[in-house]
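Input: a single structure, listed below in structure tokens.
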Amino acid sequence: MTTNPRPTPSPNAPPQDALLSARALVKSYEHAPALRGVSFSASRGEIVAITGPSGSGKSTLLLCLAGILIPDAGEVRFDGLRLDEASEAERSRLRRTSFGVLFQFGQLVPELSASENVALPLLLGGRPRRAAVAAAGTWLDRFGVSDLGERRPGEVSGGQAQRIAMARAMVTEPQVLFADEPTGALDTLAGEQVMTQLTRVAREAGTTVLLVTHEATIAAYADREVAVRDGMIDTDAFATSTVAR
Amino acid sequence: MSVGHVLLGLLADGERHGYDLKRQYAVRFPAARPLAAAQIYATLERLLRDGFVVPATRQRVNGPDRTSYALTPPGRAELDRWLDDVEPPGLFVANPLAIKVTLALLVADADAASSYLNRQRAAHLQQMREHTRTKTTPGAPITRVLAADYALNHLDADLRWIDTALARVTALAEETQR
Amino acid sequence: MSAALAATGTARKAAPDRLVVARPGRPGLVTVLRLAAGGGRADRVRIALTAVGAAAAVVALLAAATVAATGADDGPYTSALLNEPGLHPGVVAALVLLCVPVLTFTGQCARIGAPARDRRLATLRLIGATPADVRRIAGAETALAAALGALAGLGAYLLGRALLGTPVIATRSVQREVPLENGDLQFIIESVTGPALQLPTDVLPSWQVIVLGVVAVPLGAGIAGQLALRRVALTPFGLVRAARVRPVRLIPLVAFLAGTAGMAVFSGIIRLLEPPASAAPAIALLFLLLFLLSVTGLIMGTAALASMIGGIVAPRTGRPALLIAARRLRAAPHDASRANAAVLTVVMVAAAVQGYRENLLLATANNTSDVYASGTYLASLALLIGGIVAALGLLVGAVESVLTRRRTLAALVAAGTPTAVLRRAVLLEVLLPLTPAILVSTAAGALAARGLFGTTVQTSGEVVMAEGPVVPVTMIEVPVPWMELGTVAGLALTLTALLTLAVMPLLTRAVDATELRTT
């Protein structure tokens, strides 16, 4: 019988390396519990997949970790700062500068051009228009969509729109990228293209990526997986062996 | 599908000798189990007997005879016919995972079965990561990407079965506890 | 749900012990009532707004009918507007015109998206109702709410008649004509003190007219509701604005400029041409055409104006709120244009009234009667009310703009956009096209008044007091009533800004993170 060495149960990175961590998170929506005591951590440069079936609470976990939702109980720490106690203004600023977010759809402003969409976080930070648009152009180029700069989101395909959205998420060179089912609305090949580029750019930039998905083929792009079930981490379904890069 | 048909296909673009066929098989089908030399020669014998191949040039290269084989017109026809045919989807699919889980439930208990399923899941996922890395390496040839896709899809199917099995075993355990 | 629909359609035909194949007949009254009444707070607010609008319209219509029914031997009243039968048509017209913005707004309420109502309508589509059916149901909801409001308005009118019917002691001016020896007529103004009614509560229009007024309002509201829903697609997945892009035309703006220019130089050119007195009706018609040209151009050109402003501002700005607002104007210029047009029309007419008033005050400066001054004052008041209602239409537009984009806006907030930036963007989206447009409309209205009534005025020299000298005829330059015009424009802008601010709480709730949950 083959001996599979039993990996030590740990859905979390070692505490001293943790860039982003959560402890005992509890969150309910109008008496429907979404998170029932979730602890999690990720270290710098990791790509972590958060998996689970629909309704398991994984999107809620992601939103809490990004400071978009405040948990009912528990704490979220980013680089030493307590996110759950920070003001909306502080968290908004953090999301503008240190975090990037990527959703399944509907995140680009349909009236703005691709270039303006990508430049928006920089404009919010006060950068002048010309510099912001130039930086946007660089990032559009990194994702292979530089020729779409003047198009509107409604004029490009789903895969192209997601790449524009990735450029926007990365334009402020964030430390953490939060992606919630980024390939959910795409076909297999478009999704593969998105994931390939996302992981490549993130690895080049050293960005930590938290990826919520219910598909194993997408989770396979990450270094490790954290499974959520019924609002709790499924400690049995761990997979901590990391692949040497 | 049989090894014979594969060899016919490999001979379609020119004559080859046995060792060459073995090498070509390994190059074209990197994910498949390699063919043994004996199996190749036995198959070639059969194809010869059926009239699908003929010996071509005989080379003498510092060693034993190396017979090259070439495709005959009937052989070409048989190859075309087989390529046209649809593969019957497997009726009997041997699932070693299911066998192990069944035995675990018989021999031990639901906990043991769950533990096995979880560890198997981790191993599957790890394998999927490696296939993903393979196919996303810049410059990967399309044959490698196709093979990786195929493996990924099947591993994904296994994974779905494992998740369902886990749910069923857990439900069973909860029921027997009551 | 389908059982209820089928039941109401075939109830009369089905024998209770026979199984009848359900025919999806037209939903009956009970079903519609149940559909209309069920729903959350937003639905109740919308129904309440519709009812209030309908009540106001009924009161205005009944007041108009009352004034129309008032004759020379009714009264006497404290206001010369009511005493002089010659002034009645103007008052009646003003009151009836007041109904137009009220009914337009009431119809717009049919569009206010409430999630529960949208879901109900989508469910109807799913079980086989056609878009026409659903539109009829939505219109019926509006009509029913308006009917309730109309009855309430009738009650308010009757109550008002009873409560405000006590006469007061007041001094009023009465004009009398006295024929002179040479055949001319001389106007004498007398002051009379005595009991008078403030409102024509002693007059009741005929019951046919009352019924007409009460019935016309829900009917009008229902039709307005149907019209408002015309371009909204009612899919089984909910209400979706039609994505059809209507081209924006510049011609209306050209028409507006031409019409305004024409009106501005009108009286000057007429004076140069020295037409015969018999041409007066033709001249009046010409001016009316120019006025219509200008107003129509204004109404139809608001979208072009919004699109132009958006196109100019957007590529040049790095301020996020301005960028978002300008791009939205460029992409969806027609959305707010109807409400914009209503506001701008009110502003233009109000400015014209101020210009007319200036002329009038100078021309009648020697009269002690306050007939004309109070007349224009009341007209301004009526326009103010009309303006408020028109501005409420803007609110509807702003609400829709936020609701249709709420997922995008929520995603922006999630990506770190401060809510304050989005609030500024909504405000800018409303004010950016309106501010220059209000200023231009004010100018156009003032020019129209000056164009029609002339920049100089003859003071009437024919008023003879009981004993006194004859005042000679003089020409006076009419000043531009800057203060009044500034008030008109300023009030319009302030009202608009305040009402838009009322949308902000909705915005805050719409971008809540719960919009973002996918699984």
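The values are calculated or read from the model by the stated rules, or taken from the named source; none is laboratory data. Only a predicted model underlies this, so the values are computations on that prediction, with no experimental measurement involved. Virtual Cβ from ideal backbone geometry, glycine too; neighbours counted across all protein chains shown.
What are the residues in the stretch A:97-112 that are aliphatic (A, V, I, L, M) and either without any contact (Cβ under 8 Å) to a residue 24 or more places away in the chain or within 25 Å of residue A:20 (Cβ to Cβ) (or both), if any? Passing the criteria: A:101, A:102.
Inside the stretch C:416-445, can you point out the residues that are within 14 Å of chain A (Cβ to nearest Cβ) and of a type in the set (S, T, N, Q)? Selection gives C:417, C:419.
For the stretch A:36-59, a tally of residues being surrounded by 17 or more Cβ atoms within 10 Å (Cβ to Cβ) and either more than 24 Å from residue A:223 (Cα to Cα) or without any contact (Cβ under 8 Å) to a residue 60 or more places away in the chain (or both) returns 1.
Does the stretch A:74-88 contain at least one residue that is within 11 Å of another protein chain (Cβ to nearest Cβ), in a helix (DSSP H, G or I) and at pLDDT below 90?
Of the residues in the stretch A:74-88, the ones within 11 Å of another protein chain (Cβ to nearest Cβ) are A:88.
Narrowing further to those that are in a helix (DSSP H, G or I): A:88.
Narrowing the set further to residues that are at pLDDT below 90 leaves A:88.
Yes, the stretch A:74-88 contains a residue that is within 11 Å of another protein chain (Cβ to nearest Cβ), in a helix (DSSP H, G or I) and at pLDDT below 90.
Looking for something assigned to a loop (DSSP other than H, G, I, E, B) and either crowded, with 23+ Cβ neighbours inside 10 Å or among the polar types (S, T, N, Q) (or both) - is there at least one such residue anywhere in the stretch A:118-131? So far as the stretch A:118-131 goes, no, none of its residues is assigned to a loop (DSSP other than H, G, I, E, B) and either crowded, with 23+ Cβ neighbours inside 10 Å or among the polar types (S, T, N, Q) (or both). Output the residue which, of all residues in the stretch A:64-89 that are buried (at least 16 other Cβ atoms within 10 Å of the Cβ) and touching a residue at least 60 places away in the same chain (Cβ under 8 Å), is farthest from residue A:231 (Cα to Cα). Looking at residues that are buried (at least 16 other Cβ atoms within 10 Å of the Cβ) and touching a residue at least 60 places away in the same chain (Cβ under 8 Å), I get A:78.
The residue list A:136, A:216, A:167 contains one member that is surrounded by 23 or more Cβ atoms within 10 Å (Cβ to Cβ) and within 13 Å of chain B (Cβ to nearest Cβ), which is A:216. Determine, yes or no, whether residue A:189 is assigned to a helix (DSSP H, G or I), within 13 Å of another protein chain (Cβ to nearest Cβ) and either within 18 Å of residue A:103 (Cβ to Cβ) or of a type in the set (Phe, Trp, Tyr) (or both). Here the answer is no, as residue A:189 does not meet what is asked.
In the stretch A:27-34, the count of residues that are within 11 Å of another protein chain (Cβ to nearest Cβ) and buried (at least 23 other Cβ atoms within 10 Å of the Cβ) is one or more.
Name every residue in the stretch A:156-176 that is in a helix (DSSP H, G or I) and over 30 Å from residue A:126 (Cβ atoms), in order of residue number. Of everything in the stretch A:156-176, those that are in a helix (DSSP H, G or I) and over 30 Å from residue A:126 (Cβ atoms) turn out to be A:158, A:159.
Within the stretch C:391-415, being of a type outside the set (S, T, N, Q), out of contact with any Gly (no Cβ under 9 Å at 6 or more places or on another chain) and within 14 Å of chain A (Cβ to nearest Cβ) holds for C:402, C:405, C:406, C:409, C:412, C:413, C:414.
Residues are listed down the side, and each one gets a yes or a no for (1) at pLDDT 75 or above; (2) more than 19 Å from residue C:68 (Cβ to Cβ); (3) among the polar types (S, T, N, Q); (4) out of contact with any His (no Cβ under 6 Å at 6 or more places or on another chain):
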{"residue": "C:157", "(1), (2), (3), (4)": "yes, no, no, yes"}
{"residue": "C:162", "(1), (2), (3), (4)": "yes, yes, no, yes"}
{"residue": "C:187", "(1), (2), (3), (4)": "no, yes, no, yes"}
{"residue": "C:191", "(1), (2), (3), (4)": "no, yes, yes, yes"}
{"residue": "C:198", "(1), (2), (3), (4)": "no, no, yes, yes"}
{"residue": "C:201", "(1), (2), (3), (4)": "yes, no, yes, yes"}
{"residue": "C:205", "(1), (2), (3), (4)": "yes, no, no, yes"}
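Taken as a whole, the stretch C:243-253 holds at least one residue that is outside any loop (DSSP other than H, G, I, E, B), of a type outside the set (Val, Ile, Thr) and at pLDDT 80 or above. When residues in the stretch A:207-217 are screened for being at pLDDT below 95 and in contact with a Gly (Cβ under 7 Å, 6 or more places away or on another chain), 1 of them pass. Count of the stretch C:297-334 residues, restricted to those that are of a type in the set (Gly, Ala, Ser), more than 23 Å from residue A:131 (Cβ to Cβ) and within 11 Å of chain A (Cβ to nearest Cβ), is 3.
Within the stretch A:128-154, residues that are without any contact (Cβ under 8 Å) to a residue 24 or more places away in the chain reach partners that are in a helix (DSSP H, G or I) and aliphatic (A, V, I, L, M) with beta carbons closer than 7 Å, at six or more positions or on different chains, in the pairs A:129/A:123; A:132/A:119; A:132/A:122; A:132/A:123; A:133/A:119; A:146/A:140. Can you pull out every residue in the stretch C:77-97 that is closer than 17 Å to residue C:213 by Cα and either at pLDDT 75 or above or among the small types (Gly, Ala, Ser) (or both)? Within the stretch C:77-97, C:92, C:93, C:94, C:95, C:96 meet the criteria. When residue C:110 is tested against (1) at pLDDT 70 or above; (2) closer than 30 Å to residue C:336 by Cα, just one condition goes unmet, and that condition is (1). Tell me yes or no: at least one residue of the stretch A:91-106 is within 13 Å of another protein chain (Cβ to nearest Cβ), among the β-branched types (Val, Ile, Thr) and in a strand (DSSP E or B). Yes, because at least one residue in the stretch A:91-106 is within 13 Å of another protein chain (Cβ to nearest Cβ), among the β-branched types (Val, Ile, Thr) and in a strand (DSSP E or B). With respect to (1) modelled with pLDDT of 85 or more; (2) out of contact with any Phe, Trp or Tyr (no Cβ under 8 Å at 6 or more places or on another chain); (3) assigned to a helix (DSSP H, G or I), the lone exception for residue C:417 is condition (3). The set of residues from the stretch C:313-335 being over 14 Å from residue C:424 (Cβ atoms) and polar (S, T, N, Q) is empty. Checked against the criterion of being modelled with pLDDT of 90 or more, more than 12 Å from the chain's Cα centre (by Cα) and over 21 Å from residue A:51 (Cα atoms), the candidates A:245, A:152, A:224 yield just one match: A:152. Has the stretch B:56-69 got at least one residue that is surrounded by fewer than 16 Cβ atoms within 10 Å (Cβ to Cβ) and at pLDDT 85 or above? No: zero hits.
Please tell me if residue C:139 is out of contact with any Asp or Glu (no Cβ under 9 Å at 6 or more places or on another chain), closer than 30 Å to residue C:73 by Cα, surrounded by 12 or more Cβ atoms within 10 Å (Cβ to Cβ) and not polar (S, T, N, Q).
Details: out of contact with any Asp or Glu (no Cβ under 9 Å at 6 or more places or on another chain): yes; closer than 30 Å to residue C:73 by Cα: no; surrounded by 12 or more Cβ atoms within 10 Å (Cβ to Cβ): yes; not polar (S, T, N, Q): yes.
So residue C:139 does not fit the description; no.
When residue C:166 is tested against the conditions (1) of a type in the set (Ser, Thr, Tyr); (2) surrounded by fewer than 17 Cβ atoms within 10 Å (Cβ to Cβ); (3) in a helix (DSSP H, G or I), the lone failure is (3).
Tally the residues that are over 14 Å from residue B:158 (Cβ atoms) and assigned to a helix (DSSP H, G or I), restricting the search to the stretch B:98-137.
Of all residues in the stretch B:98-137, those over 14 Å from residue B:158 (Cβ atoms) come to B:102-115, B:129-130, B:132-137.
Retained after the next criterion (residues that are assigned to a helix (DSSP H, G or I)): B:102-107, B:110-115, B:129-130, B:132-136.
Within the stretch B:98-137, residues that are over 14 Å from residue B:158 (Cβ atoms) and assigned to a helix (DSSP H, G or I) number 19.
Looking across A:179, A:222, one residue alone is touching a residue at least 40 places away in the same chain (Cβ under 8 Å) and part of a loop (DSSP other than H, G, I, E, B). It is A:222. Applying the set (1) modelled with pLDDT under 90; (2) farther than 25 Å from residue A:36 by Cβ to residue A:190 leaves exactly one unmet item: (1). Among the residues making up the stretch A:219-236, those that are away from chain B (no Cβ under 12 Å) and touching a Lys or Arg at 6+ places or on another chain (Cβ under 7 Å) are A:228, A:231, A:232.
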